[in-house]
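Take a look at the structure set out below.
The values are calculated or read from the model by the stated rules, or taken from the named source; none is laboratory data. Because the structure is predicted, anything quoted here is derived from the model rather than measured. Don't worry about glycine lacking a Cβ; one is built from the backbone with ideal geometry, like all the others, and counts go over all protein chains shown.
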Amino acid sequence: MKNLLKVTGLLVAIILPTSASAYTIDSGSTDVGGLDTLIDHTTLGNSGNGELDWVQSLLGTNYSLGDKYEDGGLTPMLVDGESDIFAHALATSPEYFLIKIGGGNWGGDTHFLYENQNNDNAAYGVFALDDFTSTCTSTQKPKKTKCNIEISRVSHITAFNGSGASSIPEPGSIALIGLGLLALGTAKRHRKHA
């Protein structure tokens, strides 16, 4: 009985956090997955090759520009029940996406690179405005620099696809390979003794 309770508790602990991290839009009708992972942020000049060069310096030269969403194609939506988490539809389910914040009096970094790792729905980039405000410092020009941000400050979102120089296997894959090797070693040992 105690073992059954332990196993049940373990399953609840594993399942509960994964289901709580999914967000929806359109009053729950569209699942957009959880928050994507912020990889890095910086301040670059106005677009051009600077974005591609920066992304390639982080991910490797095998990555290239994908779709770019700006002006009429830029439509991030507030996720249900949140005040600062947004989702943007991405046509190609890219591996990574970059968000550029418009300059002006903004006191933080302007370029933010995310890994689009949502298992539920990689066709959406999901990000929090807190990612942007955490880089803001208004100590240099307090009267001119603003650290508050609204979604309208997003200049564009650019998708990036490619194959990185190295890929890190998931822990589950490594464990599965280890179990397979252990089974092979055990089978070979049993054959020797038989």
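The table below lists the values:
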item	result
Leading residue by the ranking (surrounded by the fewest Cβ atoms within 10 Å (Cβ to Cβ)) among those in the stretch 87-101 that are assigned to a loop (DSSP other than H, G, I, E, B) and of a type outside the set (Asp, Glu)	91
Residue in the stretch 59-72 that is of a type in the set (A, V, I, L, M), at pLDDT 85 or above, surrounded by 15 or more Cβ atoms within 10 Å (Cβ to Cβ) and part of a helix (DSSP H, G or I) present	yes
Selected residue [more than 22 Å from residue 59 (Cα to Cα), modelled with pLDDT of 80 or more and exposed (fewer than 11 other Cβ atoms within 10 Å of the Cβ)] from 152, 134	152
Residue ID - modelled with the lowest pLDDT, chosen from residues in the stretch 108-131 that are among the small types (Gly, Ala, Ser) and either surrounded by 21 or more Cβ atoms within 10 Å (Cβ to Cβ) or touching a helix residue (DSSP H, G or I) at 6+ places or on another chain (Cβ under 8 Å) (or both)	108
